[in-house]
Amino acid sequence: MTRQQIAAIITLFSGTILAQTNLDLIAEHPSGKLYATQGKRVLVVKGTPEQMGQAHGALLKELIPNVTPRTMAVVASTYAATKGDWFYDRIEEIIKRSSPHTPKRFIQELNAIAQASGVEEKHIQQANFFPELFHCSGFAARNSATLDGKILHARVLDYMADIFLQKYTVLQVFIPEGYNAWMSVGYASFVGTVTAMNEHGLAIGEMGGGGEGDWDGIPMTWMLRDIMERAKTVREALEIIKSTPRTCEYYYVISDKSRDMLALYCTPTKVETLEAGQQDSRLPPVPKEMVMISGGDRAKELSKRLHQHEGKLTPQLMTEIIKRPVAMKSNLHNAVFSPETLDMWFADASLKKPACDMKYVHVNLKSIIDQYNAK
């Protein structure tokens, strides 16, 4: 069988059979619905910030108190033991310094979640600002690098699996009034994002760096949400990043359905970009038609695997490539995006295994939105 024939079969299955996401309704609200698919929760909220927040808080009312304040208390004790500092003081400092740069619609949504869930506003805010205190791998490939030529984008989140946030995972789909619809691999009560794709086929993932204390800007998770809601392309996302007051040090991989892609290095004062195939002394060799972000020995192994499988990449193969040691023991979740078809494959850690060793679930953003909107 030729490469073209194999690619045609993959296109057939990805675009036709797999595109439908079967959803089972669990509960509903005037502005949202909670579904289950393949053993995962799927929350869809729609409307104004207040309406989306009320739906989120009401539909996840049983989960939210377990995330905040309870799980946050575990984070606080760990932070105090390792940093010798009081977690809640730092969170209040982050909120005070970053709130002036945060779109008001996000704070309105948080407060509505608090009201509907019965959790104090300060606890909901603390949970949504705490990622700024803690600082994963990602790559995208296209054209001759993938088996069918379509763009594929993988994201590995290595992040505090030991606090058991994976017990409260929710695939979140936001349909905000006046903005792009989008989905996030997320958690109950969190409304920012670190792993997302929108209805226009724009996908993004991040990797944390240093710079703790540089909090005079919009928190990273909120900036990524703002990108999802306002941008349609990689270049539009880049302009938002450049024009937004930023915090700390972060790396990003961004891709879109036109097969554009970028790797970014960002601090509060600089934005550096890497185009497909562009080399950088801080990274091992990157294959042509790819961008890559990772660190240390993980980056070397990722580079080796990508070169080995260049021209053969499929979503399933990408889930194999990001297994350990590319992923770390703290691997909380992974995702593989297909921006051209709006498909996503994702996995969450269990209480004993990292996400890379778990079964991947397949969803399609358009299918979820269509089913939600159907009467």
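The values are calculated or read from the model by the stated rules, or taken from the named source; none is laboratory data. Everything numeric here is computed off the predicted structure, so don't read it as measured data. Methodologically, a virtual Cβ is constructed for each residue, glycine included, from the backbone with ideal geometry; neighbour enumeration extends over all protein chains shown.
At a glance:
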read-out	value
Test: residue in the stretch 108-130 that is of a type in the set (S, T, N, Q), part of a helix (DSSP H, G or I) and under 21 Å from Y252 (Cα atoms)	yes
Candidate set from the stretch 331-355 (those that are of a type in the set (A, V, I, L, M) and assigned to a loop (DSSP other than H, G, I, E, B)); member that is surrounded by the fewest Cβ atoms within 10 Å (Cβ to Cβ)	L351
Residues satisfying the stated conditions in the stretch 313-354, i.e. among the hydroxyl-bearing types (S, T, Y), under 22 Å from T37 (Cα atoms) and out of contact with any Phe, Trp or Tyr (no Cβ under 6 Å at 6 or more places or on another chain)	S338, T341, S350
Search result, residues across the stretch 131-150 that are closer than 22 Å to S255 by Cβ and among the charged types (D, E, K, R)	R142, D148, K150
Wholly within the stretch 228-308, strands (runs of 3 or more DSSP E) carrying at least 3 residues that are at pLDDT 95 or above, surrounded by 20 or more Cβ atoms within 10 Å (Cβ to Cβ) and not β-branched (V, I, T)	250-256, 261-266
Hits in the stretch 312-349 - residues which are at pLDDT below 95 and among the charged types (D, E, K, R)	K329
Meets criteria (under 22 Å from the mean Cα position of the chain (by Cα), charged (D, E, K, R) and either buried (at least 23 other Cβ atoms within 10 Å of the Cβ) or assigned to a strand (DSSP E or B) (or both)) for R225	yes
Residue list for the stretch 189-216, filter: part of a loop (DSSP other than H, G, I, E, B), at negative phi and of a type in the set (G, A, S)	G192, G209, G210
S137 of a type in the set (G, A, S) and touching a Leu at 6+ places or on another chain (Cβ under 9 Å)	yes
Every pair of residues 6+ apart whose Cβ atoms lie under 7 Å, when the first sits in the stretch 21-50 and is on the phi > 0 side of the Ramachandran plot while the second is in a loop (DSSP other than H, G, I, E, B)	G47/S31; G47/E177
Positions within the stretch 279-308 being basic (K, R) and more than 22 Å from the chain's Cα centre (by Cα), in sequence order	R282, K288, K300, K304, R305
Hey, M328 under 15 Å from S137 (Cβ atoms), aliphatic (A, V, I, L, M) and crowded, with 18+ Cβ neighbours inside 10 Å or not	yes
Residues being closer than 20 Å to V191 by Cα and hydroxyl-bearing (S, T, Y) - total across the stretch 20-54	3
Residue satisfying all of: in the stretch 186-219; in contact with a His (Cβ under 6 Å, 6 or more places away or on another chain) and either buried (at least 23 other Cβ atoms within 10 Å of the Cβ) or among the aliphatic types (A, V, I, L, M) (or both); farthest from D256 (Cα to Cα) among these	I218
In the stretch 133-151, residue modelled with the lowest pLDDT [restricted to those that are closer than 24 Å to Y187 by Cα and surrounded by 24 or more Cβ atoms within 10 Å (Cβ to Cβ)]	C136
All helices (runs of 4 or more DSSP H) inside the stretch 38-105 with 2 or more residues being among the β-branched types (V, I, T) and either loosely packed, with under 15 Cβ neighbours inside 10 Å or under 21 Å from the mean Cα position of the chain (by Cα) (or both)	72-83
